[in-house]
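Below is one structure, written out as structure tokens; the observations come after it.
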Amino acid sequence: MQNKGPYYITTAIAYASGKPHIGNNYEIVLADSIARFKRKEGYEVFFQTGTDEHGQKIELKAQEAGVTPKEYVDRVAGEIRGLCDLLNTSYDKFIRTTDRDHERQVQKMFKRFYDQGDIYKGAYEGMYCTPCEAFWTESQLVDGKCPDCGREVKPAKEEAYFFRMSKYADRLIEHINTHPEFIQPVSRRNEMMNNFLLPGLQDLCLSRTTFQWGIPVDFDPGHVVYVWFDALTNYITGIGYDAEGNSTEQYKKLWPAALHLIGKDIIRFHTIYWPIFLMALGEPLPKQVFGHPWLLMNNDKMSKSKGNVIYADDLVHFFGVDAVRYYVLHETPYDNDGNVTWELLAERTNSDLANTLGNLVNRTVSMSNKYFGGVVENRRARLNENDAAIDEDLIKTVTGAFEKCRTNMQSLRVADALTEIFAIFKRCNKYIDETEPWVLGKEKDSDPKKADRLATVLYHLVESIVIGASMLQPFLPETAEKIAAQMGTKLREFDELDRFGIYPDGGRVTDQPQILFARLDKKEVCRREEEIAAAQKAEAARTETARKAEGAGAGESGKAAEKGTTVCLEPKPEITYDDFAKLQFQVGEILSCEAVPKSKKLLCSQVKIGNSVRQIVSGIRSGYTPEEMVGKKVMVLVNLKPATLAGVVSEGMLLCAEDGEGNLALVIPDKEMPAGAEIC
């Protein structure tokens, strides 16, 4: 394979405020497929990803967790890198913005901007979005909220350094107009030009003083560098850029980057701020910035607050790495958002991976073993003109697929490239139906011509599968290797994929075919999804309870002392043990909960008790929200006669404590107990 030179590809570095979901992880899988494809094409690929670890949001998260910001990001960065490894991504460098060499270069660049007159000291007053780490004017807000994420913004006023964006705006506009490939897709380019550049750029706040977790401005104590400037510069600091002119040979070789692969929500930072910073440094701009679409959950953006988050590790542990990679790559179009659910992933796994691909490989290997002891021979036999037409159509489809795939990859249409690869496997399945090898197999011992034709058919299948698997390698690397091993050969180089008949005549497939992808039972998929969703809700409830308890401990302890802690009740009639023994108490786990529409007091919970689920209505709405209830382990009176409350049937009772002021608290186990455990 001819060396085609360097190809530097980056992802946006993940913000280390918490565990990323599958929608975040989609980006690195997408980048990995591009990087692997380019390597196979003959490029010297350098693939960089990493973590963005400074900012006010992380400082607040660390405070909530009771650790230092560095301790917090060390843990989260490790988790993020672990997910990258789990998804089998082939990055060459994982940069962290807390790396000392990165921090030092950021300080140097900031000072250089100041010395050049590109930044000046002033004061900022506006609306600030902490999750996005972004300032907005009132006119930029949408319904009074952040235009990027839709969350609440707060007034902020502080001393800050500002970058003179307008100084470079005309140069950037000219560059975009003369380099139409710079921002892709075209819709993103139009958005940046019409909504931001052409109306006129405002100067950008480049430092903060209201928090400390950031890279210090070394010549002005009290200021820390704006997190987006810190984060964007990773693309050059990670490969050896030096603001004082002593950049490494690696930097000189790799820069400008061939591709910045980012989410469409941060396109403005990468196509306006970042190019202007580079212009101020006198460095060339990246060749292309691609703002990919989102991967949604049930057609809605994933959010922990919405409770609709899916994590890559949960999916991988159930479906497998390559099934997850295939789904996110194939189901997210070039310019439109993709959609993921457990059910959809299972359907795609069964149809494309288990049926179209897995069954094809298994049938081919099994028939080769059954009819010829695993030996594959191209006897070039055809029984009639129809056989010739069928063979030629198969070969044309297989040998023409790579050029179509390559063309799609050049324009980053990864989903379309995968479709072209699977067209090979679908054509192979059709070829089996057309040639009916099982019919030929019945007569091969009595008719040598049919034996020769059967051998030819199986050779064509093996050769086609090897070509398809070689194309599949960048996308599903483990699966491609497994296919090649079952075919008794190695994956091919890309420059061989337009030729048919390379598989050695007399080669041998494995005598132990393995299932590549097992068909999934939808009930089992749903059960696993429900278990994980319940566990996530329980964890969220525990976190919220702990947060509220911490706040209460800090601010309410005095009030509690004033009110007193003793509640006196009128005694009820004495009972015997036999009376008590009639009551059946068990631990229940609340799977879901909702407010009863016709009541202001009632909540309706679905409670798991052993192997059954009961519906229980409780008058505790004043003390708990439905969201707080989910995941709790509670004490349940199980053998209470069913009753109808506000039109809803209740099959038990949850036990609560109530103080003199009507405050409620569910009775919960002191230690972890399974749902159904007897309380006695």
### Query
Would the stretch 328-346 turn up any residue that is assigned to a loop (DSSP other than H, G, I, E, B), over 30 Å from His270 (Cα atoms) and aliphatic (A, V, I, L, M)?
no
### Query
Would you call Leu472 at negative phi, under 24 Å from the mean Cα position of the chain (by Cα) and modelled with pLDDT of 95 or more?
yes
### Task
State which residue pairs qualify: first residue in contact (Cβ under 8 Å) with a residue 40 or more places away in the chain and inside the stretch 290-313, second residue part of a strand (DSSP E or B) and of a type in the set (S, T, N, Q) in any location, beta carbons under 6 Å apart, and separation of 6 or more residues or different chains.
Phe290/Gln184; Leu296/Asn339; Asn299/Asn339
### Query
Within the stretch 76-86, is there a residue that is part of a loop (DSSP other than H, G, I, E, B), modelled with pLDDT of 95 or more and more than 22 Å from Asn234 (Cα to Cα)?
no
### Message
On the basis of being touching a His at 6+ places or on another chain (Cβ under 9 Å), of a type outside the set (Val, Ile, Thr) and under 30 Å from Gln184 (Cα atoms), does Ala401 make the cut?
### Response
no
### The one condition in (1) touching an Asp or Glu at 6+ places or on another chain (Cβ under 8 Å); (2) under 19 Å from Ile262 (Cα atoms); (3) free of Cβ contacts under 8 Å to residues at least 40 places away in the same chain that Arg81 fails to fulfil
(1)
### Query
Do you know which residues across the stretch 18-31 are buried (at least 22 other Cβ atoms within 10 Å of the Cβ) and touching a helix residue (DSSP H, G or I) at 6+ places or on another chain (Cβ under 7 Å)?
Pro20, Ile22, Asn25, Tyr26, Ile28, Val29, Leu30
### Query
helices (runs of 4 or more DSSP H) wholly in the stretch 475-571 with at least 1 residues that are modelled with pLDDT of 65 or more and within 30 Å of Arg413 (Cβ to Cβ) - which ones?
477-486, 522-555
### Message
Please go through (1) assigned to a helix (DSSP H, G or I); (2) surrounded by fewer than 19 Cβ atoms within 10 Å (Cβ to Cβ) for Phe113 and return the number of the only condition it doesn't satisfy.
### Response
(2)
### Message
I'm checking my understanding of the structure. Among residues of the stretch 116-140 that are polar (S, T, N, Q) and farther than 16 Å from Leu201 by Cβ, which one is modelled with the highest pLDDT?
### Response
Gln116
### Message
Residue pairs, Cβ under 6 Å, 6 or more apart or interchain, first in the stretch 321-343 and closer than 16 Å to Asp416 by Cβ and assigned by TED's automatic domain parsing to the domain that holds Thr419, second among the hydroxyl-bearing types (Ser, Thr, Tyr) and at pLDDT below 95. List them.
### Response
Gly338/Thr332
### Residue, surrounded by the fewest Cβ atoms within 10 Å (Cβ to Cβ), within the stretch 167-211, restricted to residues that are touching a residue at least 12 places away in the same chain (Cβ under 8 Å), within 25 Å of Gly282 (Cα to Cα) and of a type in the set (Val, Ile, Thr)
Ile173
### Message
Is it the case, given these coordinates, that Asn336 is within 25 Å of the chain's Cα centre (by Cα), of a type outside the set (A, V, I, L, M, F, W, C) and surrounded by fewer than 15 Cβ atoms within 10 Å (Cβ to Cβ)?
### Response
yes
### Task
Evaluate the stretch 262-277: report whether one residue or more is among the polar types (S, T, N, Q) and crowded, with 17+ Cβ neighbours inside 10 Å.
yes
### Task
Mind listing whichever residues of the stretch 24-75 are in contact with a Lys or Arg (Cβ under 7 Å, 6 or more places away or on another chain), within 29 Å of Arg413 (Cβ to Cβ) and either assigned to a helix (DSSP H, G or I) or assigned by TED's automatic domain parsing to the domain that holds Arg492 (or both)?
Val29, Glu41
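Listed here are the residues, each with its yes/no results for (1) surrounded by fewer than 20 Cβ atoms within 10 Å (Cβ to Cβ); (2) modelled with pLDDT of 85 or more; (3) over 40 Å from the mean Cα position of the chain (by Cα); (4) over 14 Å from Lys601 (Cβ atoms).
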residue: Ser618; (1), (2), (3), (4): no, yes, no, no
residue: Thr625; (1), (2), (3), (4): yes, yes, no, no
residue: Met635; (1), (2), (3), (4): yes, yes, no, yes
residue: Ala643; (1), (2), (3), (4): yes, no, yes, yes
residue: Met653; (1), (2), (3), (4): yes, yes, yes, yes
### Task
Please find, within the stretch 150-166, the residue that is farthest from His223 (Cα to Cα) out of those that are exposed (fewer than 13 other Cβ atoms within 10 Å of the Cβ) and charged (D, E, K, R).
Glu152
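The values are calculated or read from the model by the stated rules, or taken from the named source; none is laboratory data. Keep in mind that what you see is a predicted model, and the values were worked out from it rather than measured. No Cβ is skipped: glycine too gets one built from the backbone with ideal geometry, and neighbour counts run over all protein chains shown.
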